[in-house]
Amino acid sequence: MRNTTLDQLPSPAALPLLGHALSLLRDPFGFLTTLPPHGDLVRIRLGPFSAVVVCDPDLTRQVTLDDRTYDKGGALVDRAREMVGDGLIVCPRSQHRRLRRLTQPAFHHSKVPGYANTTAAHVAAASGRWKDGEVLDVTAQMLAALLDSVVEMLFSDTLPRETVQELIEDFTVMVRGMFRRTVLPPALTRLRTSGNRRYERHIARLHRTVDTIIAQRRTGPDHDDLLSVILSTLDTEQPGEAPTAGLSDGEVRDQILSFLFAGSETTAATVAWALHLLAEHPEIERQVQAEVDAVLAGGPADFSHLPDLDLTGRVVSETVRLYPSAWFMTRHATTDTTLGGHAIPAGTTVAISPYLIHHRADLYPAPDAFDPGRWKTTDPTDRKNTAYIPFSAGPRMCIGDGLGPAQVTLAVATVVARWRLSSVPGGTVRPDTAATLRPRKLLMTATRR
Ligand code: HEM
């Protein structure tokens, strides 16, 4: 087969200057789902950038498995890196293997129950403050609870309350500013506007706080939390080799920022979507209530309940199919290569999208329908299933793939046990794709059960 060039790849009609940027911003999902009929690889243009979107599940897998050819990088990732450093999520392959080796022990399966129970306790505390009949922004509620829970996973209860509050405030400003800054021209982000100065002040304080915590921990006693594991892990490249040094203080800080982001935004968004989907599907909601009532029997949800929360778990698997929080990811071709018979020159931005794959009608009958029954016979943890990639695949696969679903399932069970959340009449739920894929201002009425 003769390889086609990038210019020969199909591309939907585009606006002269903006290309497909408006379509992707205004209706990202409508736009993405129009791409597969064009071909396995489709060229899109976002203002000055162009990218090749992979629409085929096997080719998506090929990209995710081969991080030597398709590395993290490109203009957007490089800018994110300037702001958040070389955390596991954004670092290039040259640093990734070592960073992953040194952080993986913190996610050992023996650690998952403790972390998941921490999350359940924070969601119980947050929902315990709701009032009967109150209208809540469920996305904001879950973001706050999940962020609190990641702070505790990282630092146990070693931080004074005001430090936690400052940390959360600074981090929230960082996340909001980060995405705006990633897409704005660098000259604009360097202007001495009050917004830019505020952003820089919060980032500086965030770094100072985390640096101080690390310095105190280096000399202080060990604690049974994620930070302790990372600080005490030494590198062993080959089994049997003498360990060399672990992560430097700067590297530890970058990983902490990575975990704060990746461990709160994704899970909070998924809990919020799941609660929204249950409200929209009363029959499934009733079945989940019955399951949760029987399994928890009035007590708090904890990790030991997970095997019995079968339907609730399937609701979560189906939620991340419909709304995968990491919905669009990019890679950077490090060398001239071919993908599915098409030539990909070095430097090309290659985009992969769990959302697009999860909504292909040839892979999922009625792909837009919420149907937890799909997971009765299909194992959501089957890593060979190229049609289901909410946690991606290959070396850059989510480090929290075992933890996230446990946290979300316990969070949903915790809320359902005490509350019935119903959609506010006339309210429309729109996706917010700026950070992760989360429902924008999800207003729901809480009724005590
Ligand atoms: C429902 C929950 C979650 C979803 C859907 C999710 C999804 C993902 C996806 C798709 C990636 C790959 C990103 C890429 O290739 O560009 C990823 C990476 C990552 N996730 Fe998650 N995630 C979740 C929960 C978590 C949690 C709880 C943590 C940690 C506390 C976490 C930490 C990370 C990190 C550190 C990476 C980078 C891994 C690497 O490159 O080695 N995630 N996640």
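The values are calculated or read from the model by the stated rules, or taken from the named source; none is laboratory data. It should be emphasised that the depicted structure is a prediction, and the values quoted were computed from it without experimental measurement. In this analysis, Cβ positions are derived from the backbone assuming ideal geometry, glycine residues included, and neighbour counts consider all displayed protein chains. All accessible areas refer to the heavy atoms of the entire protein, side chains included, with ligands and DNA or RNA removed. Shrake-Rupley method; radii C 1.70, N 1.55, O 1.52, S 1.80 Å.
In region 419-433, how many are within 16 Å of the ligand (Cβ to nearest atom) and in a loop (DSSP other than H, G, I, E, B)?
So the answer is 1.
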task: Kindly check whether there is at least one residue in region 192-204 that is out of contact with any Pro (no Cβ under 9 Å at 6 or more places or on another chain), closer than 18 Å to Gln104 by Cα and at pLDDT 90 or above.
output: no
query: Failed condition for Gln95, given (1) within 20 Å of the chain's Cα centre (by Cα); (2) within 12 Å of the ligand (Cβ to nearest atom); (3) within 21 Å of Arg253 (Cα to Cα), with all others met?
result: (1)
- request: Go through region 338-357 and give me each residue that's more than 26 Å from Ala80 (Cα to Cα) and open to solvent by 10 Å² or more (accessible area, probe 1.4 Å).
  value: Thr338, Gly340, Gly341, His342, Ala343
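In region 318-330, which residue that is open to solvent by less than 20 Å² (accessible area, probe 1.4 Å) and near the ligand (Cβ under 10 Å from one of its atoms) is nearest to Pro92 (Cα to Cα)? Reasoning before the result, please.
If we filter region 318-330 for residues that are open to solvent by less than 20 Å² (accessible area, probe 1.4 Å), which is where we start, we get 318-322, 324-325.
Then keep just the ones that are near the ligand (Cβ under 10 Å from one of its atoms); that gives 319-320, 324-325.
Working: Thr319: 30, Val320: 26, Pro324: 23, Ser325: 22 Å.
Only one residue tops the list, namely Ser325.
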field: Filtered residues of region 103-127 (kept if among the hydroxyl-bearing types (Ser, Thr, Tyr), open to solvent by 20 Å² or more (accessible area, probe 1.4 Å) and either within 22 Å of Glu251 (Cα to Cα) or touching a residue at least 12 places away in the same chain (Cβ under 8 Å) (or both))
entry: Thr118
- line: Note on Arg100: of the conditions (1) open to solvent by 20 Å² or more (accessible area, probe 1.4 Å); (2) more than 10 Å from the ligand (Cβ to nearest atom); (3) closer than 17 Å to Ile256 by Cα, unmet is (2)
- prompt: Which residues, taken from region 425-446, are touching a Ser or Thr at 6+ places or on another chain (Cβ under 7 Å) and over 20 Å from Val320 (Cα atoms)?
  reply: Met444, Thr445
statement: Condition set touching a residue at least 24 places away in the same chain (Cβ under 8 Å) and aromatic (Phe, Trp, Tyr), scope region 25-82, selection least open to solvent (accessible area, probe 1.4 Å): answer is Tyr70
query: Among the residues of region 375-418 satisfying the criterion of being open to solvent by 40 Å² or more (accessible area, probe 1.4 Å), in contact (Cβ under 8 Å) with a residue 60 or more places away in the chain and more than 18 Å from Thr267 (Cβ to Cβ), which is farthest from the ligand (Cβ to nearest atom)?
result: Arg418
field: Unique match (being in contact with a helix residue (DSSP H, G or I) (Cβ under 6 Å, 6 or more places away or on another chain), more than 22 Å from Ala245 (Cβ to Cβ) and within 10 Å of the ligand (Cβ to nearest atom)) among Val77, Val63, Val84, Val90
entry: Val90
query: Can you name the condition, by its number, that Ala13 falls short on among (1) open to solvent by 20 Å² or more (accessible area, probe 1.4 Å); (2) at positive phi?
result: (2)
